[in-house]
Each structure stands twice: as structure tokens, then as C-alpha cells.
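Written out below as C-alpha cells is the structure these notes cover.
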Amino acid sequence: MKLSIKAKLTLSLSAIAVILMISATISVLEYDKMSTYVSDLIADDISSLNTAHKLADISSKYNLDMLAVIGDDGASELPVFDQEYFLSHCDSLRTSLESNAIQPLTDSVVYACSAYVLTSLELKDVLDSRFMDSRSWYFNRLQPSFAQLTSDIDALEKAIYNDLEKNSKTFERGFYRSIIPGIVAVGVGLLLVVMLLLFMLTYYVNPLNKMLDGMDGYRSYNKKYTYTFEGDDELVKLNEGISELAGENMQLRKRLKDLKSKVTDELEGNQP
């Protein structure tokens, strides 16, 4: 199958364009997929971290309310810990976090909360008892439960923060991974451009220069046009046409020269 110069150039440039378009599409799709997935993970981590902070605030406020009641001997109303609200936040942590390392920490917070609340319910009996010191009960019995609860919440927050940091690094690595197809495409495109340039120089520019040199030798020094090269496109046909025209023109010049010489000889022979 013979291809014209136009077809060859169109095919070469189209191949470069297709490669660049495919690689760009892959890069965009990969980045979009990775960005959506990791962004959701990061958003869940941030939301979970805020929830963990809220759990810590709820526990601290309740513990301070307990201390206030103990410090006020005339207090008649005991603080109420909304355990259902606390546990609902723990359940939201379970559903939003996919890490297997964080799930046990959430369970530990639930167990510590249950133990702390159960211990805090002893406050009414402690205040009513004549034989128990409320302050001693608070620091020796309730505070260890509260310390365990805050320790578990801190461990949960640290784990969520580590997961957030890991997902952030994953997002960064994913970004560089997503642009690799684009970088490869640019490299391949540049390579194809260089190959196309060499192709143009070898098969078109150099032959044209040779043809021009042959034409200059023919016109300026009356040399025979002898340049030939292999191929099957329009440039070869053009070169063959030039060679044929140059050959015919040289034959015509030779005939005119011979005819002119013959006429001159006849005129000189007819002179007296």
C-alpha cells in the first residue's frame, strides 16, 4: 500500500496526538479516582477526630460536675451523664473508620465509659453514707476510672491522627502515581517527535536538498541531472519528472546547438 506524503505526515502526527490524549485521559481518571477515595478517607478521619474530641469534652465536663458536687456539701442535684449520646458518637466512629487497628480502640472507649458511668452512679450512696468520705471515693475510686477513659480516648485520637497522616501521605503518593502516565506520554511524544524529525530529514528534506543541488548543477554548469533515490511517494515521482525534463531539455539544447552549428557552416560555405 502506497502512502502519500500527506498521509504519512497525518498518520505520524495522529499517532502522537492519540498517545498524548490516551495518557492524559488515564492521568485524569486515575487522579480523580484516587482523589475521591482518599479525600473521603481524610474527611472521615477529620470527622472522627472531631468526634473523639467531643467525647473527651463530654467526659471532662461530667467529671468536673462530679467534683463540683463533692465540693459543695449542700448540693441536692446530681449531674447526669448522657451515656446514650456518648455511645451514639462511639457508634459513629465504628461506622466511619475502616481501619482494623482503630476498631478495638473504639471498643475500649465504650467499655471504659461504661465502667466510669457505673462507678459514678455510686455518688448518691456515697453522699448519703455517714461512713464514706466522698472526696476519698472521688480520688481513689472514680478518678482511676476517669483516667482510664481519658487514656483510651487519647489512644483513639492518636490512632485517628496516625490514620489521617497515612491517608495524607497516600494522597500525595497517589498524586505522583497519577501523573506518571502523563510524564510517560510526554516522553513518548517527544521521542516520536524526534523520530518524526529524523524521518522528515532523511526521506524528505535531504532528498529535496539533493534535488536542488542537481538542479543548480544542471542550470549553472550544464551538468546532467543524475540524482535518484528509492521510494513510492510523490517526491519520487517529482524527482523522476525533473530528471526526465532535464534529460529532454539537454537533448533539445544539443539539437539546437547542432542545428545552429550546421546553419553557420552553410552560411560560411555560401560566402564568395
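Readers should treat all values here as calculations from the given coordinates under stated rules, not as data from a laboratory. Bear in mind that the values here come from a model prediction, so they are computed numbers and not experimental data. Here the Cβ is made from the backbone with ideal geometry for all residues, glycine too, and neighbour counts use every protein chain on show.
Values as computed for the structure displayed
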| read-out | value |
| --- | --- |
| Virtual paramagnetic centre 7 Å along Cα→Cβ of Glu234, amide N under 15 Å, in the stretch 183-197 | none |
| In nm, spacing of pseudo-spin labels at Arg253 and Leu13 (7 Å Cα→C-beta vector) | 3.9 nm |
| Taking Glu244, Glu122, Glu30 and counting other C-beta atoms within 10 Å, the order from fewest to most | Glu244, Glu122, Glu30 |
| Cα shape, the stretch 195-267, gyration tensor, a/c 1.5 rule | prolate |
